[in-house]
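Undergrad: Sharing a structure, written as structure tokens. Questions coming.
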Amino acid sequence: MSGLDVILLAGDRGPDDPLAQAAGVAGKTLVPIAGTAMLTRVLRALARWPQLGRVFVLAPDSPAYHAAIAAAGIDQHQCLHLAPEASPSQSVGKALVAAGEARPLLITTADHVLLDPVWLDSLLAAASQAELLVGLVDYDRVMQRFPNSRRTRYRFSDVSVCGSNLFLLSSAAADRVVQRWREVEKERKRPWKIISMLGWVNLGLYLAGRLSLRSAFKALSAGMGVKIGAVIIDDPLAAVDVDTAADLALVEQALAAGNDRC
């Protein structure tokens, strides 16, 4: 099948997740928002993307997840369901094996409820610039749009950014980054710990507010042996995923304001 493959991470803490408990569902990505499960919403957004090839959904093997996937209306030969591993990085590794050598390839998460295919186009347009592209969002723009929102902030000398849970692997060389991902997974809420992986000099520059975004990615590329680049996505909604009840309320607010595409 032609098109760009997508790895969709939908594994979570299961019924122990506070949002899942509050909604009475088997996992966070099954929590309904305006009547539609998060997982279904994200799959429907992907289905609207003309470039879509296969979708590898890493989600628990249960009737509830099967139903949420089926509700998206994507052909079963295009939407492939894989059981998740113990961590996101291991799940991605499993999906990469299933995907074979097909690149470029996108990675995102099923709690990225406001996903817009336009954001995927932004990464794809920059595919030739690096072997791995990371989608980022201007922090100030996010705060202007959602002043009461709490987002993890990375402060560089030229810009402050948030993550977007969007990654593009332009070549198979980027697959090796997955092996280092486990270190980042443990520290994703502590930016300075992640920056310390670039070396103590760069950590010092970061803490002093003197490390630029470009310099950080240059150092990251050198450390990983893979050219890694950043793409600033021009939409503050791209920084919003659903981890907490406050995030859920924020997403419901955004949908009520006219951002419901399902």
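Undergrad: Which three semi-axes in whole Å describe the equivalent ellipsoid of the chain, each the square root of 5 times a Cα gyration tensor eigenvalue, listed largest first? If you can, show how the numbers build up before the last one.
TA: Working: eigenvalues 159, 97, 59 Å².
Equivalent ellipsoid semi-axes, largest first: 28, 22, 17 Å.
Undergrad: What full-extension length gain, to one decimal in nm, is calculated for Gln179 and Asp16 as 0.36 nm per residue of separation minus the Cα-Cα distance? Please list the in-between numbers first.
TA: Details: separation 163, 0.36 × 163 = 58.68 nm, distance 2.77 nm.
Extra length available between Gln179 and Asp16 comes to 55.9 nm.
Undergrad: Give me the angle, in degrees from 0 to 90, between the Cα long axis of helix 38-47 and the longest principal axis of the Cα atoms of the chain, rounded to the nearest 10.
TA: 80 degrees
Undergrad: Moving on. Order these by the 10 Å Cβ neighbour count, fewest first: Ser221, Ser170.
TA: Details: Ser221 17, Ser170 22.
In increasing order of surrounding Cβ atoms, one gets Ser221, Ser170.
Undergrad: Quick one: longest stretch of the chain between exposed loop GluC sites (Glu not before Pro), exposed meaning at most 16 other C-beta atoms within 10 Å and loop per DSSP? Walk me through the intermediate numbers first.
TA: Working: sites that count: Glu85, Glu101.
The segment 102-262 is the longest one with no such site.
Undergrad: How much of the DSSP bridge set in the chain is antiparallel, in percent, rounded to the nearest 5?
TA: Numbers: 13 of 32 bridges.
Of the beta bridges lying entirely in the chain, close to 40 percent run antiparallel.
Undergrad: Report the label-to-label distance for Gln78 and Ser171 in nanometres (one decimal), using points 7 Å from each Cα along the Cα→Cβ vector.
TA: With each label point 7 Å from Cα toward Cβ, the separation is 3.0 nm.
Undergrad: Then there is this: Sort Val25, Val242 by Cβ crowding within 10 Å, fewest neighbours at the top. Before the final figure, lay out each step's value.
TA: On the way: Val25 20, Val242 24.
The most exposed by this proxy come first: Val25, Val242.
Undergrad: Using just the helices of the chain, give the 222 nm mean residue ellipticity in deg cm²/dmol: DSSP H runs with n ≥ 4 each add -39,500 (n - 2.57), and the total is spread over all residues, rounded to 500. Don't jump to the answer; show the numbers that get you there.
TA: Working: 11 runs with 98 residues, N = 262.
Helices in the chain give a 222 nm mean residue ellipticity of -10500 deg cm²/dmol.
Every read-out reported here was derived from the displayed coordinates using simple, explicitly stated rules and does not represent laboratory data. The structure displayed is predicted, hence computed values, not measured ones. Using ideal geometry, Cβ is built from the backbone for each residue, glycine included, and neighbour counts are taken over all protein chains shown.
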